[in-house]
Amino acid sequence: MHETLESVRAELPLLVWTPRRWAELVADQLDLFLADHAICEQQAALFGLALIGHYPSDRELVVEMGKLAAEEVSHLRRVAALLHQRGHVPASKRGNPWVAALRRHIESHRSAQLKVDRLLVGALIEARSCERFTTLLAVIEDREPEVARLLADLGPAEKRHWQTFHRLARREVEPAAFAERWQRWLEIERDASAAGGIAPRVHG
C-alpha cells in the first residue's frame, strides 16, 4: 500500500501544491508525460554526476551522488521500457523553463554559496517530482495500473533524493543562515511553479 497524497505532502517542504487539473490533463496525455519523464531522469543522473565532478574531494557527496545517479539511470531504463511497450520513445532533449527559473537564482559569483545553491536546487527538483508523481498517481491509479506501479515506486525514491540533497547542503552552512536560505529557495520555487502554467510535463 503506497502513501496517500495527503501524507506525502505533509512531509514535503513545498509552499504550494500542484492543482488536480494538472494531473487530469496528464492522465489524458500520459505518453507525452512519460516521454518527458524519461528526459528528466536522464538529466537528474547527469546532474548527480556533474556534482561529483565539481566537488570530488567531498567524499560523502561523491558517494551519495553516485548512488543517486545510478538510481536515476535505473528509472530511465524503466520509463523507456514502458514507453516502448506503449509504442512510444523518450522525448528529444528540451529546455526546462521551470528548472531554468530556479537556476537563475543560483549565486554563481559567490563560490561559498554556489555549492549550497546547487544542492538546494536539486532538493527542490526532487521534492516537486515526488509531489507531482503522487498527485498523478491519485488520479490514474485505477485506470493505468502499469504507470501507477511506476509512480508508486518513484515517489518514495524522489523523497529520499530531496532529503539527501537537503542534508548535504545543510552541512555547509550555520543552522540559522541555512534555514533562512532554504526558506528563500522555497519561495523562489513557489513563484516559479505559479508562473509555469499547466502542461503534460513533470515540471513546469
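Once both axes come from the Cα atoms, what is the angle between helix 59-85 and the longest principal axis of the chain, in degrees from 0 to 90, rounded to 10?
The angle comes out at about 20 degrees.
Counting Lys and Arg as +1 and Asp and Glu as -1, what is the net charge of the other residues whose Cβ lies under 12 Å from the Cβ of V139?
-1
Top mean-square fluctuation among A112, A169, A157, Gaussian network model of the chain, C-alpha springs under 10 Å?
A112
Add +1 for every Lys or Arg and -1 for every Asp or Glu among the other residues with Cβ under 11 Å from the Cβ of H2, and state the total.
-2
Can you give the angle from 0 to 90° between the axis of helix 175-195 and the longest principal axis of the chain, with both taken from C-alpha atoms, to the nearest 10?
Computed tilt is about 40 degrees.
Starting from the Cα of K67, draw a straight line to each of the aspartates and glutamates and keep only those under 19 Å, dropping any in the same chain fewer than 8 residues away.
E41, D58, E126, D153, E158
Gap in Å between the Cα centre of region 10-43 and the Cα centre of region 144-185?
The two parts, judged by their Cα centres, are 16 Å apart.
Enter the per residue convex hull volume of region 69-150, computed from alpha-carbon coordinates, in Å³ rounded to the nearest integer.
Numbers: hull volume 9.6 nm³, N = 82.
In region 69-150, the Cα hull volume divided by residue count equals 117 Å³.
So how tilted is helix 30-54 from the main axis of the chain? Cα-based, degrees 0 to 90, rounded to 10.
The angle comes out at about 20 degrees.
Find, among the GluC sites (Glu not before Pro) in region 73-143, those assigned to loop by DSSP (not H, G, I, E, B) with at most 13 other beta-carbon atoms within 10 angstrom. Don't skip to the answer; put the middle values down first.
Numbers: sites: E107, E126, E131, E141; in loops: E107, E141.
Sites meeting the loop and neighbour criteria: E107.
In debye, nearest 20: dipole of the chain around its Cα centre with unit charges on the Cβ of K, R (+) and D, E (-)?
500
Over the chain, with a Gaussian network built from C-alpha contacts below 10 Å, which listed residue (G155, G66, G122) shows the highest mean-square fluctuation?
G66
Relative to the compact globular guide of 2.2 N^0.38 Å, what is the alpha carbon radius of gyration of the chain, as a ratio?
0.99
Using a Gaussian network model of the chain whose springs link C-alpha atoms within less than 10 Å, name the residue from S193, S74, S57 with the highest mean-square fluctuation.
Per the Cα network of the chain with a 10 Å cutoff, S57 tops the list.
Are there chymotrypsin sites (Phe, Trp or Tyr not before Pro) in region 171-201 that DSSP marks as loop and that have at most 11 other Cβ atoms within 10 Å, and which are they?
Loop-located and lightly packed - none at all.
Any read-out appearing in this document is the output of simple, stated calculations on the displayed coordinates, not a laboratory observation. Remember, it's a predicted structure, so these values are computed and weren't measured experimentally. In this analysis, Cβ positions are derived from the backbone assuming ideal geometry, glycine residues included, and neighbour counts consider all displayed protein chains.
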